[in-house]
1. With θ set to phi - 60° and the Karplus curve 6.51 cos²θ - 1.76 cosθ + 1.60, what are the ³J(HN,Hα) couplings of the stretch 130-147 in order, to the nearest whole Hz, using x for Gly and Pro?
2. Once the Cβ-Cβ distance between Leu48 and Asp442 is put in as r, and R0 is 45 Å, what FRET efficiency do you end up with, to the nearest 0.05?
3. Would you mind getting me the FRET efficiency between Gln605 and Arg56? Use the beta-carbon distance for r and R0 = 41 Å, nearest 0.05.
4. Using 0.36 nm times the number of residues separating Leu827 and Cys768, minus their current alpha carbon distance, what extension gain do you get?
5. Enter the angle in degrees (range 0 to 90, nearest 10) between the Cα long axis of helix 221-231 and the first principal axis of the Cα atoms of the chain, meaning the one along which they spread out most.
6. Return the whole-Å distance between the Cα centroid of the stretch 550-575 and the Cα centroid of the stretch 1-58.
7. Within 10 Å, count the other beta carbons around each residue, average over each peptide in 352-361, 391-400, and list them highest first.
8. What whole-number value in Å² describes the accessible area per residue of the stretch 588-680 for a 1.4 Å probe?
Amino acid sequence: MKHYLEPTDAVLREVRSSADGLTAEEAAKRLSEHGPNLLEEPPKKTTLQRFLEQFRNPMILVLLAAAVISAVTGLIGDGRLDADVFIILFVVIANAVLGVYQENKAEAAIAALQAMSAAQSKVLRSGELTVIPSAELVVGDVIALEAGDSVPADCRLLEAAALKAEESALTGESVPTDKDTAVLSGEEVPLGDRRNMIYMGSSIAYGRAKAVVTATGMETEMGRIAGAIANADDDETPLQRSLAQLSKVLSFAVLGICVLILCISILQMLLKEHTVTLPGFLSSFMIAVSLAVAAIPEGLAAVVTVVLSIGVTNMSKRGAVIRRLTAVEALGCAQVICSDKTGTLTQNKMTVVEVHAGDAALLARAMALCCDAVLNPDGTVTGEPTEAALVAYADKCGLKKYQLEAEQPRVGEAPFDSLRKMMSTVHRSETGFVQYTKGAPDEVLRRCTRLLDGGAVREMTDADRAEILRQNKEMADKALRVLLAAYREYPEMPQQCTPDTLEQALIYIGMTGMIDPVRPEVKDAIKTCRTAGIRPVMITGDHRDTAVAIAKELGILTDGQKALTGAELSALSDEEFDAHVGDYSVYARVQPEHKVRIVNAWRRQHKTTAMTGDGVNDAPSIKSADIGVGMGITGTDVTKNVADMVLTDDNFATIVGAVEEGRRIYDNIRKAIQFLLSSNLSEVLCILVATIGLGKLTGGAFTVFSPVHLLWINLISDCFPAVALGMEPAERGIMRRKPRSSHAHIFADGMGINLLWQGTVIAVLTLCSYVIGAQTSPEAGTSMAFLTLAVCEMLHAWNMRSLKGSVFTLHSRNFALLGSILLSFVLTVPLLLIPALRSVFSLTALTGMQYLWAFLLAAAIVPTVECVKAFQRRS
């Protein structure tokens with residue numbers, strides 16, 4: 001049954017109840033049959049599950065495979081496990097522990113943000129009012145509600161006295177909705193227009209009501225939204241897709257190179273000895289393992305995790321809690337930000353912004369006294385948002401409501417109702433009694449016969465009425481909520497305080513125009529978004545005129561762009577909407593399913609889409625977006641639980657800071673990847689060249705490096721500087737460039753070519769060092785090559801501070817990188833100086849001239865890369 005289309009008696013029959021509610025026995029029976037009035041929560045992952053999920057990364061699997069191969073080879077060869085097995089396992093486990101720690105830390109932060117929801121309800125059981133836990137409500141229960149109460153379930157109103165419900169969490173509309181019991185007409189009435197229904201997740205802003213419960217738990221509108229959230233899929237972030245691609249490329253490359261080297265080694269053995277011996281095969285297999293270790297950047301997974309964790313910490317300092325680690329960089333490629341209006345772009349606080357009155361002080365007095373909002377001693381206002389704005393306006397004018405009430409106490413009233421669209425209050429005054437009336441301009445003006453002009457009262461002319469209506473339209477066109485105030489004086493207390501008696505022959509005072517004002521910092525944030533190539537889209541439950549006015553003020557709606565209502569969107573097929581989604585920057589009067597359609601339409605255009613919001617109605621679209629942004633202060637628990645990022649300050653401008661941080665993080669991850677892969681490529685080339693024939697030229701050495709050499713370089717010479725690259729400050733102009741495509745390959749923009757030639761240069765420098773040292777002995781060649789490669793890669797990390805610009809013209813400093821290079825150097829040099837360490841790493845002592853050549857060859861990487869980057873910039 002569509003309860004809003006049926007009279008109350010029919011609804012009561014349908015739910016098998018009465019105006020006196022259910023009996024306790026019947027309620028208990030229904031509770032046992034249908035369960036508690038609670039939303040289903042998805043089971044939380046255990047720490048073990050999260051730990052195991054860290055191993056789903058293909059890069060981690062390749063590392064584990066290398067560890068297994070190395071272990072098997074070691075056991076077959078000399079019956080013991082090599083050190084590289086334990087080093088690889090340490091790297092993998094440390095990476096997993098760090099990932100789990102960050103996720104648990106984010107969950108704890110979200111839990112601290114969540115507010116406790118109302119848990120008690122006033123319900124009629126057998127005609128008697130009692131208080132029970134909201135979870136025990138069942139369909140057919142009759143509940144009583146008053147201002148300040150949370151609505152515990154979906155209900156059809158049976159009685160309503162001056163009732164207004166705050167439904168912004170469900171509809172996105174910032175102004176409380178007038179409610180009554182009248183039957184609605186039509187087939188499909190939008191949720192925000194169902195005046196005779198109240199819903200779980202909303203609250204009573206004004207008045208009182210009695211209502212019958214029509215749906216509980218997952219059957220409510222909020223439950224339907226929760227179900228939509230559960231059905232939405234979690235997609236990979238752009239970084240996850242890029243790293244998955246990289247892992248596949250590396251996996252196939254490692255496998256191919258290992259098979260190639262093994263075949264070449266076996267072929268050489270056959271040509272030389274005409275047979276394949278077990279020792280020879282194991283030696284060849286160890287070379288293949290060396291290549292696997294050389295080709296796999298062991299530190300990459302750890303570096304990415306650490307860099308993302310650093311980004312998470314930086315974002316938390318700027319007011320953003322990251323719930324999913326890899327989502328940090330996703331905002332960096334955001335191309336569309338779909339934002340809820342209420343509470344996100346605006347302050348969710350009605351404010352008087354325009355006044356027309358002959359006597360502004362009298363207008364403020366009338367508005368403050370003719371309402372039920374209360375000014376607290378600390379300056380805050382409690383009450384329905386529109387009335388709270390009027391009391392705050394009077395306070396700003398120097399008129400405190402509690403002082404006004406002391407001067408003119410209320411002695412009578414005609415409460416507001418939605419038919420009259422006004423309310424009147426009678427107050428004792430120094431000269432007798434005064435009545436103040438406020439309400440909809442058209443309705444109150446119709447009851448005015450005179451007006452206040454220059455401190456004197458005169459008859460109202462048709463020209464006066466036309467001018468007042470013109471001012472009203474002018475404010476309404478700005479999407480202002482307009483209220484008109486009038487007064488009437490009595491020598492004695494009126495005999496009756498009925499609307500018919502009071503609301504006639506009124507004297508017009510003036511009008512106030514109020515609006516939910518935009519956050520002051522949002523305009524600049526929108527400008528920054530456009531400069532950065534990001535399309536801002538506003539989605540709201542407000543009416544089209546209000547939405548368009550706000551969007552124009554913020555700069556969201558520009559020439560050539562349009563606004564679309566939820567009803568108009570429903571009439572479009574997905575194909576029609578996809579063809580024109582780029583034309584619309586504002587969506588008004590939308591339902592939750594509309595928000596999901598909007599997000600998905602942009603995603604079908606291959607646009608990385610972010611969705612921000614605070615209400616329950618935002619949750620499904622937040623879940624469906626590439627990255628969901630929830631609000632920590634005003635956001636509902638449902639929304640915070642599905643968001644990838646939660647703003648602790650509810651500030652839209654924080655998103656722009658997060659976008660910049662996301663771009664910086666992705667830039668730095670690319671720098672780390674180019675640095676690590678060019679270094680690993682150089683190692684592969686060294687072993688490949690040595691295996692194919694360099695050994696014959698230098699006395700028979702079969703390979704340049706053993707696995708332990710490569711592991712040390714990969715984990716010490718490479719890892720520390722790579723992590724420090726993640727701390728590199730953002731380069732200038734980072735928010736003046738267009739966002740990257742989420743489908744762009746990790747090697748895009750020339751990165752693949754750059755790491756190939758850089759890896760080749762490092763390999764050539766290393767092999768030259770080997771050849772020089774091998775003139776003395778193969779061990780000296782390996783020692784010189786080890787020192788050259790290690791130092792060369794340390795200095796190459798400095799080159800990577802900018803992928804295109806000169807490192808000598810950067811206006812920022814990275815002391816972490818400088819420190820990491822020094823640390824790597826201090827840890828590496830003793831391997832050649834201390835005899836015990838030389839023995840462990842199969843190195844030998846070098847002469848002073850050999851040290852000089854090794855350092856000079858290593859240093860050559862800096863001017864080489866600088867010259868090539870200069871050429872690339874010019875061309």
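1. Working through the residues one at a time gives 9, 10, 9, x, 4, 5, 8, 5, 10, 4, x, 5, 9, 10, 10, 9, 9, 3 Hz.
2. The value I calculate is 0.10.
3. Calculated value: 0.90.
4. Answer, rounded to one decimal: 18.9 nm.
5. 10
6. Each part's Cα centre sits 35 Å from the other's.
7. Averaged packing, sorted descending, gives the order 391-400, 352-361.
8. Each residue of the stretch 588-680 exposes 19 Å² on average to a 1.4 Å probe.
The values are calculated or read from the model by the stated rules, or taken from the named source; none is laboratory data. Everything numeric here is computed off the predicted structure, so don't read it as measured data. Using ideal geometry, Cβ is built from the backbone for each residue, glycine included, and neighbour counts are taken over all protein chains shown. Ligands, DNA and RNA are excluded from the accessible area calculation, which covers all protein heavy atoms including side chains. Shrake-Rupley method; radii C 1.70, N 1.55, O 1.52, S 1.80 Å.
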